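Asks: This structure is in structure tokens; I'll ask about it shortly.
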Amino acid sequence: MTDIKPAALSRALLALTTAAVLSAGLTACGSSDDEPVTADPAPPSATVEPSLTAAQQAACDGLLEAATALLDLGGSGDEGPSDEQLTQLGDLFEGLASGLSGDEQTAATAVATTLDEVVETGNTKLLEDESLLGSMLAPAAAGRTLCDYAPVDFMAHETPAASADGDPEMAYMGLPDALPAARTSFGLTNEGQDFHEALIMKVSDSYTGTMDDLLQLDDEAMMQAAEIVAATMTAPGATAFTNVDLTAGRYVVLCHIPVMDGAGPDAQPKMGASGPVWHYTVGMAHEVTVS
Ligand SMILES: [Cu+2]
């Protein structure tokens, strides 16, 4: 990857693209069909909120699918997302729009409209537009305002490097070690200077290593040991949400954005012994046990 752009957003996109490639790899290794990996058939009677209309309930279900929508923008290979993938994503957001209201509805409609336009015109530059990314993330806030998913709030925190040669320290603060199995609304507030993301990964039952073991794995091996079930990202000072139907097991939350070497437009990802130094390498990872 030689064409690394300097802007913070592009760096974040790079990370998301990386994650999307990983995600695609997992799909290739794991399931053999075209089902969205996050489509989680929910038991209809157990989770229905009686106070919600059918359209609202459908939107709440759709938010769980939309939790990996940003990753889907990366497509399943070097070519980017196919028209079919974009149409599917557009339909998902159109469905969300019909059950949401206010800013969240406006955002979902904007996503559906933009993705339609990309399919019609082939102008994939629209996929890199910051406003599209914001619009894709905005509906997730309804996880707590409408759907009443269990709220979990945490922060992305940076401690600057003690010396120019050193790495900064980064951490999530306020993320519990244990959570109950439930539909959950994660809210990530960015207290730092850089973009941060939260990839919520469910560790495979067959993986017995520790989180530290998992973080040592290369991307491909990591994606065999754990599956990304939700992803969100936040600009400095902002809060972003994502929703997950947590089921019993081990989860790891991590930030897959690279630590930059220096600052400014020419900054490049900092390289370690085995490739880029990721935020999770310098502490931005946390294990959560769900029971
Ligand atoms: Cu980060």
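The values are calculated or read from the model by the stated rules, or taken from the named source; none is laboratory data. Note that the coordinates shown come from a computational prediction; the quantities given were computed from them, not determined experimentally. Cβ sites come from the backbone with ideal geometry, for glycine too, and all protein chains shown count toward neighbours. In case anyone asks, the SASA skips ligands and DNA or RNA and just uses the protein heavy atoms, side chains included. Shrake-Rupley method; radii C 1.70, N 1.55, O 1.52, S 1.80 Å.
Asks: Leaving out ligands, DNA and RNA but keeping every protein chain, what accessible area does Lys202 have, in Å² rounded to the nearest 10, with a 1.4 Å probe?
Replies: Rounded to the nearest 10, the figure is 50 Å².
Asks: Can you tell me how much longer the chain between Ser131 and Thr145 gets when fully stretched, taken as 0.36 nm per residue apart minus their C-alpha distance, in nm with one decimal? Don't jump to the answer; show the numbers that get you there.
Replies: Details: separation 14, 0.36 × 14 = 5.04 nm, distance 2.19 nm.
Length gained between Ser131 and Thr145: 2.8 nm.
Asks: Return the Cα extents of segment 177-234 along principal axes one, two and three, sorted largest first, each rounded to a whole Å.
Replies: 33, 29, 18
Asks: Note down the net charge around Gly174, summing +1 for each Lys or Arg and -1 for each Asp or Glu among other residues with Cβ under 14 Å from its Cβ. Kindly include the intermediate steps, with their values, before the conclusion.
Replies: On the way: positive: none; negative: Asp153, Asp177, Glu191.
The answer is -3.
Asks: At 20 °C and a viscosity of 1.002 mPa s, what translational diffusion coefficient does Stokes-Einstein give for segment 145-290, taking Rh as the Kirkwood radius over Cα pairs? Give it in µm²/s as a whole number.
Replies: Details: Rh = 15.8 Å.
For these conditions, the coefficient is 136 µm²/s.
Asks: List the residues of segment 143-169 whose backbone N lies under 15 Å from a point placed 7 Å from the Cα of Ser51 along the Cα-to-Cβ direction.
Replies: In segment 143-169, the label zone of Ser51 (backbone N under 15 Å from the point 7 Å along Cα→Cβ) covers 143-151.
Asks: In Å, what Rg and Dmax follow from the Cα atoms of segment 70-116?
Replies: When restricted to the Cα atoms of segment 70-116, Rg and Dmax are 11.3, 36 Å.
Asks: Which whole-angstrom value gives the distance between the alpha carbon centres of segment 122-172 and segment 242-268?
Replies: 9
Asks: Let me ask another. For segment 246-252, what does the Karplus curve 6.51 cos²θ - 1.76 cosθ + 1.60, with θ = phi - 60°, yield as ³J(HN,Hα) per residue in whole Hz, taken in order and with x for Gly and Pro?
Replies: After applying 6.51 cos²θ - 1.76 cosθ + 1.60, I find 6, 10, 3, x, 9, 10, 10 Hz.
Asks: Using a probe radius of 1.4 Å on heavy atoms only, what accessible surface per residue do you get for segment 155-291? Whole Å² is fine. Working shown, then result.
Replies: On the way: 5890 Å² over 137 residues.
On a per-residue basis, segment 155-291 sits at 43 Å².
Asks: Quick one: pull the percent of accessible area on segment 145-290 belonging to carbon and sulfur, 1.4 Å probe, ligands and nucleic acids left out. The partial results should precede the final answer.
Replies: Details: 3310 of 6300 Å².
Solvent-exposed carbon and sulfur of segment 145-290 make up 53 percent of the total.
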